[in-house]
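To keep things clear, I will list the structure first and then write my remarks on it.
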Amino acid sequence: MGIPIQVTVNGKTHQHEVDSRLLLVHYLRDVLRLTGTHIGCDTSSCGACTVHVNGLAVKSCTMLAAQADGAEITTIEGLASNGELHPLQEGFREEHGLQCGFCTPGMIMTAAQLLADNPQPTEAEIRHALEGNYCRCTGYHNIVKSIQHAANKLNS
Amino acid sequence: MANYIGQAIKRVEDKRFITGKGKYTDDIVLPGMTYAYMVRSPFAHAKINSIDTSAALAMEGVVAVFTGKDIAESGVNGVPCGWQVNFKNGDTMKEPPHPLLVADKVRHVGDAVAMVIAEDRATAKDAAEAIVVDYEVLEAVVDAAKAVEPDAPLVHDDVPKNMCFDWELGDKAATDAAMASAHHITTLEFTNQRLAPNAIEPRAAIGHYEEANDKYTLYTTSQNPHLTRLLLCAFVLGIPEHKVRVVAPDVGGGFGSKIFHYTEEALVTWASRRLNRPVKWTAERSESFVTDAHGRDHVTRAEMGFDAEGKMVGLRVKTLANLGAYLSTFAPCVPTYLHGTLLQGLYTTPAIHVDVTGVFTHTTPVDAYRGAGRPEATYLLERLVDTAAHEMNMDPAELRFKNFIPPFDGVNQPGYQTQVALQYDSGNYEAVLKRALEMLDYEKVRKEQAEARKNGRLIGIGFSTYIEACGIAPSAVVGALGARAGLYESAQVRVQPTGKVSVYTGSHAHGQGHETTFAQVVADKFGIPMEDVEIVHGDSESVAFGMGTYGSRSLAVGGSAIVKSIEKVIEKGAKIAAHKLEAAVDDLEFAGGKWTVKGTDKSIAFGDVALTAYVPHDYPQGLEPGMDFSSFYDPANFTYPFGCHIAVVEVDPETGKVELKRMVACDDVGNVINPMIVDGQIHGGLAQGIGQALFEEVIYDESGQLVNGSYMDYTMPRADDLPMFETDRTVTPCPHNPLGVKGAGEAGTIGSTPAVVNAVVDALSHLGVRDLEMPLTPERVWRAMNK
C-alpha cells in the first residue's frame, strides 16, 4: 500500500501514492520524469542529486519521497524563470564550468544555496561550499569562476 | 564573418546541460521496459557449486532470471580483447574467455553470476537478494608480484604462473653496457597504484529488440558506439551488424572507462530478444567500483644512468603490470605499447630497454584510464630525473635542459627517432620548461623555500616535463603492434540545399565539447556562421562508422576526417561555381563563404552553390547532383603533445598533510581551436593527476576484497583540495595533420602526478626523504619524515 503525498515541484503540484522506500531522487526521476537531477553514487557523497526542498539545498538521495509530503521543491528544470537563465546557469556557461554536464545540476543547485546564504563568497568559501559535490571533469577551477561570475551579476 | 578557429567560443551544448535537459542513458524510458540487476560475487575466487533461483522467480514482478548456465547453453561468446601482445618467444598471449555470466568459477569480487529482470528496479534488487549461490571459496591472489610466484593460486587453470605475456622493447645489450659504464645510476622501485576512473555518471545500458523489424537498439554509456556494435555483433552475440543500432547519447564522463565493451551491454541486448521487451541496467556506484575497468597498477624497478657531466646514458625498466582477472578490451597495449614506447621522454638517452610482464590476478580488470600507460612512463622518468638531480646535487631544471632533445619542427628538421620505436612529430621542449619557470618565478620561489625552511616550514618544488603519444593512430602501425582494429576516423559532411551543414562524426563527446570545437572548424572552412552547422555523433544509425574518442584523438583524427570531407565539398562547389560564373575552376578562389573570380567582384555564395547542387537545372554536364561527402582519415603518425608541470607544496610538519599551493602548467598541444575548452581539458587532467599523487588508490585486502569501493572510502579531489591552476601554452604545430593539432585530453593527467610527488620529496629532502609511495596521505608523509 502506497503512502499518499502532495508535493509542489517547480511550481506544479503533484499527488501520488508512493512506496515507503522510494527515495526522493527516484520520485523526481522515475515518477515525475524530471531527469535533470542525477544519481552518481549510493552513499550521498557526490551531490549530483542536489535539489531545493523548502528553500534548502538537499541531496535528494538522502530523503524519502514520503518525507517530502507537503514540500516545495525546485529542481534544475525549475531554476530558469520565464525563459531567463538563472545567473548561475549563465555563469556556468560563460566560464566553462561544465564539461560532461552530469554533476552540473547538483553543482548549480548547491551554488544557489551558497549565494542565498552568502552573496559575495570568497574563493575559499566557494570551495568549502562545494565539498559535498564531486566533479571529475573540470578540476573545479572553472566552477569556482562560474560561481564568482554569478555572484558578481547578482550583486551588480 | 567567420574566424572562429582560435576563439574561446562558448559551448553550444551547454544549454541542455545547465537546464537539466541533457539526455543520458539512464534518463531513457521505453514502453514496456524491464529492469536488470546483476547478482555479483562477494568473493574474489570461488567455485560455484550451485545457484538456486527458485525463490527469486516466484516473486511478484520478476520477469526472468538468467545464470551462467543459460548463457553457456545459448551459445553466445564472452567479450573479446582487441589487442594482442605476444610473448618474447613469439607465443600468442594467454587470452582466457570472459563470459557474460560466469558458470563455473568467479575470479574477482563483482564477477556476475546471474541477471535478474523485473518490472521495476526495486523488485529486481529484492529478487537478486533471494538468489542463493553456493560458493566454495578458494585462495586468491591480488598482487602482481605475488601472482607470478611458483605457488600462487591460478586465476585461470590454463595460464601458468598467471602470466598473460612477457614483452620487451629496446636494445638490451646496449643498455646493459651503458649502465655498466655509467658514472652515476639512480634507481627507484615503486608501485604506480591502481585507480578507479569514476566518471560521475555510472555505466548504464538498455537493450531493445523489436520483433516486427527484427532489429536491436542498444543505448549505452560508451565513448565509441560503433566499436561496441562491432564487438557485440561479430564476436559476442553473432548477430548481423546491420540489425543493430548502438546509441551513446549524452555520456557523463568517460576517462577511458567507457571505451571498453562490457558484459552488461551484451547481456541486456541478448535478454531483450529473449523477453521481447526492453531491458535496462544501470550500475550503482558500488558496482562501478568492482566492474568499471581500473587503471595503472604497475610494480616497477627503473634505473637511469648518467655520465660525469649529468648526461643520460641509459635507462633500464622492469615492470609487472596487473591486468586483473580478465583481459579488458585494450588491456594488453596499455603497459606495453602505450608505456614502453614513451620511455624516451624528452631526453636524448641513447640506450633504453624495457621489460614488461602482464599478470592476471583476482581483481577487477585493468585497462586504459586517462593517459593510459603514458602517466606510468612519465611518472617513472620524471621521478628518476628529480631524484637524480638531488643525488648529483644539480638543479632539476638544469638537469633537464642538459638532456633535452633539441627543437625540431618536423618540416625543416626531421621528426625525432626514439630508441623505443616511435618517431616524435615536432617539439620544442626547452621552450615549455623556460616558460613554466617564468610563470613560477623560479628564483624567487627557491629563495622563499630556503627562507621558509629556516623557520621550520616545509616547502617543496617539483618538476615534470612530459611527452605523450596521442591521436591514435596509424592503422598499419598499430596493426603491426597487435591492434585488432584500425584506428582511423570517419566524417560525413552534408551540405543541405539551403547551405546549412550537418556533420556526422565518428568521434564521441562526453564532456570534450565537440559540438562546439568541430563546428568552429567547419564554419571557418566554409566561411559560414557557426549557427549554420550542427555536429551529430553517438548514433550508429546516423553516423556511418567511427572508432570513437580516447587517446586524445578526436580533433587530431576525427577533426582531420571532417577537414577531408570539407575539402571534397569545396572542390565540388568550385565546379558548380565555375559553371555559374562562367569561369574556369582555376580562376576561382574560395574565401569568406563565396567563390570569387580572381581579380573581379564576380562571386557566388556558398549557399547558392549548395542550392544549385540540389536544384541542378543550370548545372555542369556530367556532375552528380548533391553535396554530401564522407571521408575516412587514417593518420600518418601519432601526435606528440608535451609540456612542463611544476608543483609547489607545503607539508604540515605536525601532521604530514600536503597542501598544494601552486600548480603551474605550460602545455604544447599544437594548434588550438578553442582555448577555453583546451584550458578546461588541462584543468580536469591536472585534477586527476593530482588525485593520483595525493588521494586516490584502489585497495584490495589479501582475500581480494575491494575495501574502499565507495565514494565514502575512495578519495578523489574535492574543490577545497585544489588551488586555482596557472596555465599557459606554447604552440608547436603538428606537421602531419591538416589542423596542426595534437590533442589535449590527457596532458594534464600525464604531467602533473610526478610534479606533485617530486615537490613533496623536495620539501622533505633535508630530512632524508628520498621516495614516497603514492598516494601521499598525511600518514605516509608523516611516517617518512619521522623515520
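The values are calculated or read from the model by the stated rules, or taken from the named source; none is laboratory data. These numbers were taken from a predicted model, which means no experiment stands behind them. Quick reminder, even Gly has a Cβ in these numbers, built from the backbone with ideal geometry, and neighbours come from all protein chains shown. Remember, those area values only see protein heavy atoms, side chains included, never the ligands or the DNA or RNA. Shrake-Rupley method; radii C 1.70, N 1.55, O 1.52, S 1.80 Å.
Check whether at least one residue in the range B:595-611 is of a type in the set (A, V, I, L, M), more than 30 Å from B:Asn786 (Cβ to Cβ) and under 38 Å from the mean Cα position of the chain (by Cα), and report yes or no. No - not one qualifying residue is present in the range B:595-611.
A quick yes/no check of all residues on (1) in the same structural domain as A:Val31 (by TED's automatic domain parsing); (2) in contact (Cβ under 8 Å) with a residue 40 or more places away in the chain; (3) of a type in the set (A, V, I, L, M, F, W, C); (4) in contact with a Pro (Cβ under 9 Å, 6 or more places away or on another chain):
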residue: A:Met63; (1), (2), (3), (4): yes, yes, yes, no
residue: A:Asp69; (1), (2), (3), (4): yes, yes, no, yes
residue: A:Thr74; (1), (2), (3), (4): yes, yes, no, no
residue: A:Gly91; (1), (2), (3), (4): no, yes, no, no
residue: A:Glu95; (1), (2), (3), (4): no, yes, no, no
residue: A:Cys103; (1), (2), (3), (4): no, yes, yes, no
residue: A:Met107; (1), (2), (3), (4): no, yes, yes, no
residue: A:Thr110; (1), (2), (3), (4): no, yes, no, no
residue: A:Gln113; (1), (2), (3), (4): no, yes, no, no
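The residues of the range B:717-736 that are part of a loop (DSSP other than H, G, I, E, B) and touching a Leu at 6+ places or on another chain (Cβ under 9 Å), listed by number, are B:Pro717, B:Arg718, B:Leu722, B:Pro723, B:Phe725, B:Pro733. Taking first residues from the range B:658-676 that are outside the structural domain of B:Ala744 (by TED's automatic domain parsing) and partners that are part of a loop (DSSP other than H, G, I, E, B) and surrounded by fewer than 24 Cβ atoms within 10 Å (Cβ to Cβ), no Cβ contact under 9 Å between residues at least 6 apart in sequence or on separate chains turns up. Of B:Asp158, B:Asp176, B:Asp166, which residue is outside the structural domain of B:Pro80 (by TED's automatic domain parsing), assigned to a strand (DSSP E or B) and among the acidic types (Asp, Glu)? Criteria check complete, one pass: B:Asp166. Contact annotation: residue pairs with Cβ atoms under 9 Å, 6 or more positions apart or on different chains, pairing a residue in the range B:232-252 that is without any contact (Cβ under 8 Å) to a residue 12 or more places away in the chain with a partner that is part of a loop (DSSP other than H, G, I, E, B), are B:Cys233/B:Ile239; B:Cys233/B:Pro240; B:Ala234/B:Pro80. The criterion of being open to solvent by 10 Å² or more (accessible area, probe 1.4 Å) and hydrophobic (A, V, I, L, M, F, W, C) holds for B:Leu437.
When B:Gly684 is tested against (1) more than 10 Å from chain A (Cβ to nearest Cβ); (2) within 30 Å of A:Gly40 (Cα to Cα); (3) in contact (Cβ under 8 Å) with a residue 60 or more places away in the chain; (4) not aliphatic (A, V, I, L, M), just one condition goes unmet, and that condition is (1). Residue count for the range A:103-133 under the criterion of being part of a loop (DSSP other than H, G, I, E, B) and either more than 10 Å from chain B (Cβ to nearest Cβ) or open to solvent by less than 10 Å² (accessible area, probe 1.4 Å) (or both): the result is 6. Scanning the range B:726-748 for residues that are surrounded by fewer than 24 Cβ atoms within 10 Å (Cβ to Cβ) and within 13 Å of chain A (Cβ to nearest Cβ) gives B:Glu726, B:Thr727. When each of A:Gly70, A:Gly47 is tested for being buried (at least 22 other Cβ atoms within 10 Å of the Cβ) and either more than 8 Å from chain B (Cβ to nearest Cβ) or part of a loop (DSSP other than H, G, I, E, B) (or both), the lone residue that passes is A:Gly47.
Looking only at residues of the range A:2-37 that are open to solvent by 60 Å² or more (accessible area, probe 1.4 Å) and part of a loop (DSSP other than H, G, I, E, B), we find that the one that is farthest from the other protein chains (Cβ to nearest Cβ) is A:Gly11. With respect to being within 14 Å of another protein chain (Cβ to nearest Cβ) and among the basic types (Lys, Arg), B:Arg203 fits the description.
With respect to being touching an Asp or Glu at 6+ places or on another chain (Cβ under 9 Å), of a type outside the set (Ser, Thr, Tyr) and within 12 Å of another protein chain (Cβ to nearest Cβ), B:Arg718 fits the description. Checked against (1) over 20 Å from the mean Cα position of the chain (by Cα); (2) within 19 Å of B:Val29 (Cα to Cα), B:Val251 passes all but condition (1). Counted as qualifying within the range B:1-115 are the strands (runs of 3 or more DSSP E) with 3 or more residues that are surrounded by fewer than 16 Cβ atoms within 10 Å (Cβ to Cβ), namely B:46-52. Can you find even one residue in the range B:749-757 that is assigned by TED's automatic domain parsing to the domain that holds B:Ala325, surrounded by fewer than 18 Cβ atoms within 10 Å (Cβ to Cβ) and either over 24 Å from A:Cys103 (Cα atoms) or in contact with a strand residue (DSSP E or B) (Cβ under 7 Å, 6 or more places away or on another chain) (or both)? So far as the range B:749-757 goes, no, none of its residues is assigned by TED's automatic domain parsing to the domain that holds B:Ala325, surrounded by fewer than 18 Cβ atoms within 10 Å (Cβ to Cβ) and either over 24 Å from A:Cys103 (Cα atoms) or in contact with a strand residue (DSSP E or B) (Cβ under 7 Å, 6 or more places away or on another chain) (or both).
In summary, B:Val678 fulfils each of the numbered conditions (1) more than 18 Å from the chain's Cα centre (by Cα); (2) within 14 Å of chain A (Cβ to nearest Cβ); (3) open to solvent by 10 Å² or more (accessible area, probe 1.4 Å) with the single exception of condition (1). Give me a count of the residues in the range B:624-657 that are of a type outside the set (Phe, Trp, Tyr) and open to solvent by less than 40 Å² (accessible area, probe 1.4 Å). Going through the range B:624-657 one residue at a time, the tally reaches 17.
Residues that are at the interface with chain B (Cβ under 8 Å from one of its Cβ atoms) and open to solvent by 30 Å² or more (accessible area, probe 1.4 Å) within the range A:73-89 comprise A:Glu77, A:Ala80, A:Leu85, listed in sequence order. Name the one entry in A:Val51, A:Val9 that is of a type in the set (Val, Ile, Thr) and farther than 26 Å from B:Asn198 by Cα. Step by step, each of A:Val51, A:Val9 is checked, and only A:Val9 is of a type in the set (Val, Ile, Thr) and farther than 26 Å from B:Asn198 by Cα.
Residues of the range B:689-704 that are over 23 Å from the mean Cα position of the chain (by Cα) and surrounded by fewer than 17 Cβ atoms within 10 Å (Cβ to Cβ): B:Asp701, B:Glu702, B:Ser703.
If the condition is being more than 21 Å from B:Lys88 (Cα to Cα) and assigned to a loop (DSSP other than H, G, I, E, B), then the range B:140-155 contributes B:Ala140, B:Val141, B:Val142, B:Asp143, B:Asp151, B:Ala152, B:Pro153, B:Leu154, B:Val155.
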